[in-house]
Amino acid sequence: MQTTTKRDLCEKIARRTDNTHMVVKKTIQMFLDEIISELAQGNRIELRDFGVFEIRQRAARKARNPRTGEVAFVPAKNVVVFKVGKLMREKVGSPTQTQQPTQGA
């Protein structure tokens, strides 16, 4: 598995759109900043066929330090959850052609 960075995405989009790397980088960063801003305001973000980002509150709980066994209190907090959209589920969820099924002996 290979890691694709924001820089890699910027380069690919810049080539496909004939824009400069800096213009694409600023556009992508503005897009990401706007997503963060909307989530910080408690808004739900729905990107059709891609997915939905929303905030959910994780309840307070007691946890245990695995090293010492000491009980610690973890306060409630907000977390971002992502639900995969239809197109992504279809493209990512199905096995790729490069994967070969294993055959039993």
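Each value in this text was obtained by applying a stated rule to the coordinates, not by laboratory testing. Given the structure is predicted, the values throughout are model-derived calculations rather than measurements. All Cβ positions, glycine included, derive from the backbone under ideal geometry; neighbour counts span all protein chains shown.
Order of 64-73, 37-46 by packing, highest average Cβ count within 10 Å first?
Ranking, from highest mean packing down: 37-46, 64-73.
Which value, to two decimals, describes the C-alpha radius of gyration of segment 1-43 once divided by 2.2 N^0.38 Å?
That ratio works out to 1.37.
Using the scaling law 2.2 N^0.38 Å as the reference, what is the normalised Cα Rg of the chain?
Expressed relative to 2.2 N^0.38 Å, the Cα Rg reads 1.57.
What does the charge count near H21 come to, summing +1 for each Lys or Arg and -1 for each Asp or Glu among other residues with Cβ under 13 Å from its Cβ?
Overall, the nearby charge balance is +4.
Indicate the gyration tensor shape class of segment 44-93 (rounded, prolate or oblate), computed on the Cα atoms with a ≥ b ≥ c the square roots of the eigenvalues: a/c under 1.5 is rounded; otherwise a/b larger than b/c is prolate and the rest oblate. Provide the component values of the computation, followed by the final result.
Values: a/c = 7.00, a/b = 2.37, b/c = 2.95.
Cα axes put segment 44-93 in the oblate bin.
Counting Lys and Arg as +1 and Asp and Glu as -1, what is the net charge of the other residues whose Cβ lies under 9 Å from the Cβ of A76?
Once all neighbours under 9 Å are counted, the net charge is +3.
What is the order of V24, V74, fewest Cβ neighbours within 10 Å to most?
Starting with the residue having the fewest Cβ neighbours, the order is V74, V24.
Hey, can you grab everything whose amide H is under 5 Å from the amide H of G51? Only 5+ residues off in sequence or another chain; H modelled, so Pro and N-termini drop out.
Under 5 Å from the amide H of G51: G85.
Work through the residues other than G85 whose Cβ is under 14 Å from its Cβ and net out their charges, Lys, Arg +1 and Asp, Glu -1.
Overall, the nearby charge balance is +2.
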